[in-house]
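The values are calculated or read from the model by the stated rules, or taken from the named source; none is laboratory data. Predicted model, so just to flag it, every value in this text is computed and none were measured. Methodologically, a virtual Cβ is constructed for each residue, glycine included, from the backbone with ideal geometry; neighbour enumeration extends over all protein chains shown. Calculation scope for accessible area: heavy atoms of the full protein, side chains included, ligands and nucleic acids excluded. Shrake-Rupley method; radii C 1.70, N 1.55, O 1.52, S 1.80 Å.
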Amino acid sequence: MSTSVTILIPSALRPSVAGLVEVSVEAKTVGEALGVLTSTHQRVKGHLYGEDGRLRSFVNIYLNDRDIRELEREATPLAAGDEIAIVPSMAGG
Amino acid sequence: MAVGVSAISTEATHEPAVWGLVGNTPLVPLVSGSVPGEGRLLLKAEWANPSGSVKDRAAREILRAGLRSGALRGRRLLDASSGNTAVGYALLGAAAGIGVTVCVPSNASPERRGLLAAYGAELVETDPLEGSDGAIRRARELAERWPERYWYADQYSHAANPRAHYLTTGPEIWQATSGAVTHLVAGVGTSGTLIGTGRYLKERRRDIYTIAVEPDGPFHGLEGLKHMETAIVPPVYDAALIDATVHVSTEDAEVRVRELAREEGLYAGWSTGAAVSAARRLLASGARGPRGEEPVVVVIGPDGGQRYLSEVGRLLRDPAH
Ligand SMILES: Cc1ncc(COP(=O)(O)O)c(C=O)c1O
């Protein structure tokens, strides 16, 4: 069953989602939620995924503050109200 | 037999001995196999600085400025940093008895957060989704709220940041190459390294080329670097001193980091990989010096790979290309 979750968008990606800070999607897994995000906001896709279709190396995805690499990666199941955060490396000095 | 004890003299400056260890980093020639085309590629190994990054230079010069002006009397140094400047302040501040408070996005590498804890700095974690601009906003708020407690140094605006490189990095490169350097290639975060070093080198030889290296977009994995087109442009950035800007993808930088580690025994950070990638592209395109001579390209390597060990998996993925 799909459930409603929130995806938190980092400032560097907001211009690709019409300035939104968060996006709500219906999905069963983390991977599916990101798929919904990238099909609704197609400009995000090339930022998150490489040509091989995998998440790019430096893209960290957190589900309720836990790195999905420590969970079941993109197959990690979702529960209602979950928060997914997309966290890139830091720019700056 | 006399036993020679060589110690760092601090008598002239009254500065702590570790402050004297900043700078004078090695300039390492990269082996020819990894250098396309004609010319030489020399890597300035900034991880040899005491806290492990190029940012020790700016941190020391900013601390000096704060001591000289009296701004640090009875106050803590406060700044925003993606991590390396924070670690530099923390180490140098500890040695001089200066309190250090740094605003760092909470996605800073665990290695950096561990170092800040070791040196006893006060860490204010900021929202990782807001990136380095979020850390800057937080530092401004703290400074406004408690002006008697903090001196907000602001490395993005402070003239001591580029000045540190004008006084040290530039002269070191000039001397180490006996004035033969034709190109300076450096990634830009605050841009202090490129601007200060470039300013010095262009004073010595006006037609030296300076090349800025930036990520190819706002969303990238090149920690320490900024995509200027979409970021707050730092006040120390001086476009007039930059001859060209090269954009590098995170993936290209990763390929170079891996190659440096595997072929040269130099495990460097992501921004070094980006700068080496840009320099290689330059040489591969047949670039010559300003007077048609064989190019001598100096590339700044801001920090080492050990600072990113928790991300070593990025090197071990099968490359997509
Ligand atoms: C790893 C790394 N590379 C490059 C830079 C950029 O140096 P600058 O701020 O002098 O432009 C920084 C700055 O913090 C950094 O930490």
When you look at A:L8, is it surrounded by 19 or more Cβ atoms within 10 Å (Cβ to Cβ) and in contact (Cβ under 8 Å) with a residue 12 or more places away in the chain, yes or no? no
Can you find a residue that is of a type outside the set (S, T, Y), more than 16 Å from the chain's Cα centre (by Cα), under 30 Å from A:Y49 (Cβ atoms) and within 14 Å of chain A (Cβ to nearest Cβ) anywhere in the range B:194-216? yes
Go through the range A:32-89 and give me each residue that's among the polar types (S, T, N, Q) and either under 13 Å from the mean Cα position of the chain (by Cα) or exposed (fewer than 13 other Cβ atoms within 10 Å of the Cβ) (or both). A:T38, A:S39, A:T40, A:Q42, A:N60, A:N64, A:T76
Which listed residue, of B:L282, B:L266, is crowded, with 20+ Cβ neighbours inside 10 Å, in the same structural domain as B:I208 (by TED's automatic domain parsing) and more than 19 Å from the chain's Cα centre (by Cα): B:L282
Residues of the range B:119-136 being open to solvent by 70 Å² or more (accessible area, probe 1.4 Å), without any contact (Cβ under 8 Å) to a residue 24 or more places away in the chain and more than 10 Å from every other protein chain (Cβ to nearest Cβ), in sequence order, are B:E125
How about the range B:188-239: which of its residues are within 13 Å of the ligand (Cβ to nearest atom), under 18 Å from B:A135 (Cα atoms) and in a helix (DSSP H, G or I)? B:M228
Hey, B:L194 touching a Gly at 6+ places or on another chain (Cβ under 6 Å) and buried (at least 24 other Cβ atoms within 10 Å of the Cβ) or not: no
Qualifying residue in the range B:302-313 (condition: open to solvent by 30 Å² or more (accessible area, probe 1.4 Å) and part of a loop (DSSP other than H, G, I, E, B)): yes
